[in-house]
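Read through the structure below, which is laid out as structure tokens, and then see the notes.
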Amino acid sequence: MKQFLITFCLLCFYINASKAQPTIEQLCEGAADNIYKLIKKNIPEQSKIAVLYFEGQTGSSNSIKTMLGIRISSKVAAYVAQKLNKKEFIILFPENTQEKKFFNLPSTAAEEEQFYKKLNENQRPDYFITGKYNISNNFSVISLSELVLKENKYKNSSPGKPYAFEPVSSNISPSDIEELKSLNIEFSEDDDYMNKILQFSESSEDLFSCSMHEVGNPKPIEYNGKLIVGKSYVIKIDVVKPCYIYAFFYMPEDKEHPYLMPLYPFEVKEQKVFNPGEHYIPHADGFEIEPPAGSTYIKVIASLKPLSLQITSVKDKDGYYITSINKQDAEVFYTSLSSSYKNKLPLKAQILNFKVDYK
């Protein structure tokens, strides 16, 4: 009972954590209603049910593991736990959000044994709930699909009958868009401070707006649109108030360069105030998109005061020097960014997400 109370309190924390997100609340409550009705009707009492992290669907065959998937599944688990009588069922979820292995079911008995060592003090669920979320290209609707309850075949020695839940969807509130975009980012292999920078969401003052353009084309590329390898692109910055601008490029699929790459400033000494008006970064000639294909994220942050910035040059396998924001550099920048946020200094962040392809 003590362990359940701890788990239940943690679940309740996820309902109220972070900023208010009416979009996610509505989505998760709708999913929890469907799950609650099915469990009460079909699942034996005293069952332990684990809600795994939900993967994001990208519109292709790929699925991505994100903080948004963690937050959605944790809120769904919290709402289900609230609805169920705690004497009848126990809802489990991974307590350590950095344990990214909890997105998928164990595929072997040996993997199953390792799977639970950090899951609620080795409690083995009788059932799992899995699912996927999807966001429309125009960022107007978020939905949960492929919601399934499956029996733990390694514990019960039976594959059991899977139960599918009805999909649910919710219109995205305009006030939630930027925070959802910042959470809908695939984990890097070493994601601590790099992902904190990418996930930072703040708009305490209207300092700028930005858009991505192919060089020579005035039409902006839509969110989640396509960038072509070998072509050059530029970020258009419309500055409203004098501020310092920082822009970073990140691509999870690029395993040779697993870090943030600075688009602006490219060197620490380049920090300068951007005056109101139209600007192009890194410069009017833009930057060329290189392989591999996959998802890419561009984070742009503005501050009224300069932020601490370190940039490192590393030599790649071909002997060329690559400018990067490595783990230590990311910690320095995020610490400065976090300090500014805590001191209520005006900040604004915007993230752009695109697909890189060869044509």
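No lab work stands behind these numbers, since they all come straight from the coordinates. Small disclaimer: the values here were computed from a predicted structure and weren't measured. All Cβ positions, even for glycine, are placed from backbone atoms using ideal geometry, and neighbour counts span all protein chains on display.
Results, tabulated for the structure shown:
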| read-out | value |
| --- | --- |
| Across K83/K132; K132/K226; K75/K327; K226/K348; K181/K342, pairs whose alpha-carbon gap is larger than 27 Å | K75/K327 |
| Using a Förster distance of 51 Å, the FRET efficiency for D285-E166 (Cβ separation, nearest 0.05) | 0.50 |
| Kirkwood estimate for region 186-357, i.e. one over the average of 1/r between Cα atoms, Å | 16.3 |
| Derived scalar couplings ³J(HN,Hα) [region 37-53; Karplus, 6.51 cos²θ - 1.76 cosθ + 1.60; whole Hz; x for Gly, Pro] | 4, 5, 4, 4, 8, 10, 9, x, 5, 6, 6, 9, 10, 9, 9, 7, 5 |
| Order of V215, V234 under a 10 Å beta carbon neighbour criterion, fewest first | V215, V234 |
| Residue-span extension gain [E278 to K41] - 0.36 nm each, minus C-alpha spacing | 79.3 nm |
| P(r) of region 236-277 over all Cα-Cα pairs, binned every 5 Å from zero, in whole percent | 6, 21, 21, 19, 15, 10, 7, 2 |
| Sequence-separation-based contact order of region 186-357, relative, with Cα cut under 8 Å and 6+ spacing, percent | 32 |
